[in-house]
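Written below as structure tokens is the structure these notes are about.
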Amino acid sequence: MVRAAIVALVTIILLSVFLVTRPIPSPATPNRGVRLERVQLTLYPEQDPKARWEFSAAQVDQDPNTREAKVTGLQSGERYVEDRLDMRLFAPEVVIDRVDNLRLPYARVEILKGCYTVNLGKPGEMPVTIDQREGFRAPSVYITAPSLEVQGKDFKSDFGIENPSWRDPVEKFISGGEQPPCPIEGGSS
């Protein structure tokens, strides 16, 4: 009986020494995603089936863990609705999330209908969100058009600036005489 216990103990010790001296497998390297350079990207948002976004950028990084695409070096960003140019987007970078909404540090948007130039957010503020169902959300806004100037905080609006809301507005309406021309040039699709 003692002999069997000693054999078992020696077996356990030898097995333990064997397992401790084996090399530890290194963890698998995380999937770093895909990086594309000099990219033409078209986004068809599921939440807004009549629209499409077209981007031209220096680089796009796709993160498989978050399922987000980070577009950097944005050379052009345009939104088309039923194949007609609706707006242009200017921003240092754009993050496209898993449900096709856009997150930007700040942006300038030119809306052809209504001739609006909309400056969304500023460097150092919270990010700007472009929600495909609802429109814009930004910590601050400065809107210009031939007949008005508006600035405010906590901005929310649809894409056509038809139902905007903001806090602490400063508004300047230009009336009388001939309306100035629209500085935004239209484009063709």
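The values are calculated or read from the model by the stated rules, or taken from the named source; none is laboratory data. Everything quoted here is computed from the prediction, not taken from an experiment. Glycine also receives a Cβ, built like all others from the backbone with ideal geometry; neighbour counts cover every protein chain displayed. Accessible surface is based on the protein model in full, side chains and every heavy atom, while ligands, DNA and RNA are left aside. Shrake-Rupley method; radii C 1.70, N 1.55, O 1.52, S 1.80 Å.
Applying the selection to segment 143-189, what residues are buried (at least 17 other Cβ atoms within 10 Å of the Cβ), at pLDDT below 85 and over 14 Å from residue 87 (Cα atoms)?
none
Any idea how many residues of segment 85-112 are within 16 Å of residue 138 (Cβ to Cβ) and of a type in the set (Val, Ile, Thr)? Spell out the reasoning first.
First pass over segment 85-112, keeping only residues within 16 Å of residue 138 (Cβ to Cβ): 87, 89-95, 101-111.
Remaining after also requiring of a type in the set (Val, Ile, Thr): 94-95, 109, 111.
Here the count works out to 4.
Select from segment 112-137 the residues that are in contact with a Gly (Cβ under 9 Å, 6 or more places away or on another chain) and either of a type in the set (Ser, Thr, Tyr) or open to solvent by 10 Å² or more (accessible area, probe 1.4 Å) (or both) and list them in ascending order.
112, 113, 114, 116, 127
Name every residue in segment 5-33 that is hydroxyl-bearing (Ser, Thr, Tyr) and at pLDDT 75 or above, in order of residue number.
Residues satisfying the conditions are 11, 16, 21.
Looking only at segment 27-49, count every residue that is under 25 Å from residue 135 (Cα atoms) and assigned to a loop (DSSP other than H, G, I, E, B) and tell me the total.
Residues in segment 27-49 being under 25 Å from residue 135 (Cα atoms) and assigned to a loop (DSSP other than H, G, I, E, B): 6 in total.
Can you pull out the residues in segment 32-52 that are open to solvent by 100 Å² or more (accessible area, probe 1.4 Å) and polar (S, T, N, Q)? Write out each step before concluding.
Taking segment 32-52 as the starting set, the residues that turn out to be open to solvent by 100 Å² or more (accessible area, probe 1.4 Å) are 32, 35, 37-38, 40, 44, 46, 49-50.
Of everything in segment 32-52, just one residue is open to solvent by 100 Å² or more (accessible area, probe 1.4 Å) and polar (S, T, N, Q), namely 40.
Residue by residue, here is whether (1) closer than 13 Å to residue 45 by Cβ; (2) hydroxyl-bearing (Ser, Thr, Tyr) holds:
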site	(1), (2)
73	no, no
80	yes, yes
88	no, no
100	yes, no
106	no, yes
142	no, yes
146	no, no
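Out of the residues in segment 98-111 that are open to solvent by less than 40 Å² (accessible area, probe 1.4 Å) and of a type in the set (D, E, K, R), which is nearest to the chain's Cα centre (by Cα)?
Per the stated criteria, the residue is 100.
Kindly indicate whether residue 52 is in contact with a Ser or Thr (Cβ under 8 Å, 6 or more places away or on another chain) and not in a strand (DSSP E or B). Outline the logic, then answer.
Numbers: in contact with a Ser or Thr (Cβ under 8 Å, 6 or more places away or on another chain): yes; not in a strand (DSSP E or B): no.
No; evaluated as a whole, the condition is false for this residue.
Looking at this structure, is residue 63 closer than 18 Å to residue 39 by Cβ and either surrounded by fewer than 17 Cβ atoms within 10 Å (Cβ to Cβ) or of a type in the set (Ser, Thr, Tyr) (or both)?
Yes, satisfied.
Quick one: would you say residue 14 is aliphatic (A, V, I, L, M) and surrounded by 10 or more Cβ atoms within 10 Å (Cβ to Cβ)?
yes
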